[in-house]
Every structure is written in structure tokens, then in C-alpha cells.
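Novice: One structure coming up, written as C-alpha cells, with questions to follow.
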Amino acid sequence: MSSLISKIFGKIAYLKRTISLYYYNSTSIPNNELAKNYNFRELDQLGELRAYAFDFDEEDYKNRFANGHIFCVLEFENNLASYGWINPNEMHKIGELDLVMDLGTNVDSLYDFYTFERFRGQGLYPFLLQKIAARNKKAKLIYVFPNNISSVKGIRKAGFKFLGNLKGYNKESYTSLLKKIWEE
């Protein structure tokens, strides 16, 4: 019985959640000052990732690489400063809403970004987003909890536009939001 109650409360939690979607559909030139000091790299193998000294869920990351996801990093003097993931596939799961989105072939989904504490406050998050956005002509989609103000500021600073909010109870409405990207 307690298991059933936990599942019900878990579903209710999903229904209450809201995420904000942002998209990027053009190219801009990343901050040249940061480009002098930080090296941008794309990794597609777990072995390359092990060279950095940080904790990660190896099984999860192994699955991401196996599914074609790309790990993007900013390095400073061979140290990992900031990172994030690209899912170039048509299907992307947003775990926060328990939603699998069909993005089509012209949209990359960006997710799971992090800047290490000693590198914060330097504009690395928007710089990394710009570097990723400039890597190909595909539109980029990123999502964030709306109360994560620092991430929202970084996303906007990188030139992403607000697409709309998705709530757990109307999560399937994402297709109408994506039409804005597909129409541009």
C-alpha cells in the first residue's frame, strides 16, 4: 500500500512541475575574450571523459554516449571549467516532466549543464551555449526550471529566446511550442 501511495505522490509531483523552454535559431560570435583563455571541446567517448577529475555517474554517461549524445566542455589550463550535453537525436527525454519529445531532425536538445564553482561569475555558461549553438545550423532547444534565475540569465545572455512554459499536467502541449521553431 505504501508503494502505491509513493507512486501517486510521485505522479502528483510531476504534474506540479513547470519547466521553461528556450530556443536558439541563429548564429552569433562567441565572446572572443573568453575564447583566448578557454578551450572548447566535444567528447563522444567515456574514455576521454575519465581524464577529468570529477564525479559522474559512469553508467548514465556511458548510456548517453551510446545513444550518440555529445559531451561539450570548456577547459582552462587542462582543467574542466564548465560542461553540458547535446542530444542530436530526434527523441529527447525530459526527466523532470517524464516526457519524451519528438524534436524532428533539425533541433538539437541541450541539457545537464554545470560550471564548477571556482569558474563561476565569468560568463562561461552563456559562452559554452554560444559555442554549441555555432557548431551547426540546427536550432537548439534548452530547458530550465523557471526559478533557476542564474541559468535563465545565462541562457538569455547567450541569445536564446523564450519559447514557453510546460507544466506537468499539459506537457504534451510541447508540440505547439515547437512549431515556433520549425516555422522560423
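Novice: To the nearest 0.05, how large is the calculated FRET efficiency for Asn32 and Asp98 if R₀ is 35 Å and r is the Cβ-Cβ distance?
Specialist: 0.30
Novice: Right, next: Report the percentage of all Cα-Cα pairs in the stretch 113-161 whose separation exceeds 19 Å, rounded to a whole percent.
Specialist: Of all Cα-Cα distances in the stretch 113-161, 23 percent exceed 19 Å.
Novice: Next question, about the same structure. What share of all Cα pairs of the stretch 89-184, in percent, falls into each consecutive 5 Å distance bin?
Specialist: Histogram of Cα-Cα distances, whole percents per bin: 2, 11, 23, 25, 21, 12, 5, 1, 0.
Novice: Once each part is reduced to its C-alpha centroid, what is the distance from the stretch 89-145 to the stretch 65-79 in angstrom?
Specialist: When both Cα centres are located, 13 Å separates them.
Novice: Separate question: Using a Förster distance of 25 Å, how high is the FRET efficiency between Asn78 and Lys137, based on the Cβ-Cβ distance and rounded to 0.05?
Specialist: 0.20
Novice: Can I ask one more? Taking amide H atoms as placed 1.01 Å from N in the peptide plane, list the residues 5 or more away in sequence, or in a different chain, whose amide H sits under 5 Å from that of Leu103.
Specialist: For Leu103, the qualifying residues are Met91, His92.
Novice: On a straight-distance basis, which aspartates and glutamates could pair with Lys161 in a cross-link, Cα separation under 13 angstrom, same-chain partners fewer than 8 positions away excluded?
Specialist: Filter leaves Glu184.
Novice: Among the listed pairs Lys157/Lys179; Lys131/Lys153; Lys36/Lys62, give every one whose C-alpha distance is greater than 25 Å.
Specialist: Correct reply: Lys36/Lys62.
Novice: Tell me which residues come under 5 Å, amide H to amide H, from Leu80 once H is placed; ignore anything under 5 positions away on its chain.
Specialist: Excluding prolines and chain starts, which carry no amide H, the hits are Ala53.
Novice: Quick check: net charge around Asp60, other residues with Cβ under 13 Å of its Cβ, Lys/Arg +1 and Asp/Glu -1?
Specialist: Once all neighbours under 13 Å are counted, the net charge is -2.
Novice: Whole number in Å², please: accessible area per residue of the stretch 68-131, 1.4 Å probe, ligands, DNA and RNA not counted.
Specialist: With the other protein chains kept in place, the stretch 68-131 gives 39 Å² per residue.
Novice: Let me ask something additional. For the pair Phe56 and Phe145, how long in nm is the line joining their label points, each one 7 Å along Cα→Cβ?
Specialist: 2.3 nm
The values are calculated or read from the model by the stated rules, or taken from the named source; none is laboratory data. Keep in mind it's a predicted model, so treat the numbers as computed, not measured. Reconstructed Cβ throughout: ideal geometry from the backbone, glycine too, with neighbour counts over all protein chains shown. Each accessible area value is taken on the protein alone, full model and side chains, heavy atoms only, with ligands, DNA and RNA left out. Shrake-Rupley method; radii C 1.70, N 1.55, O 1.52, S 1.80 Å.
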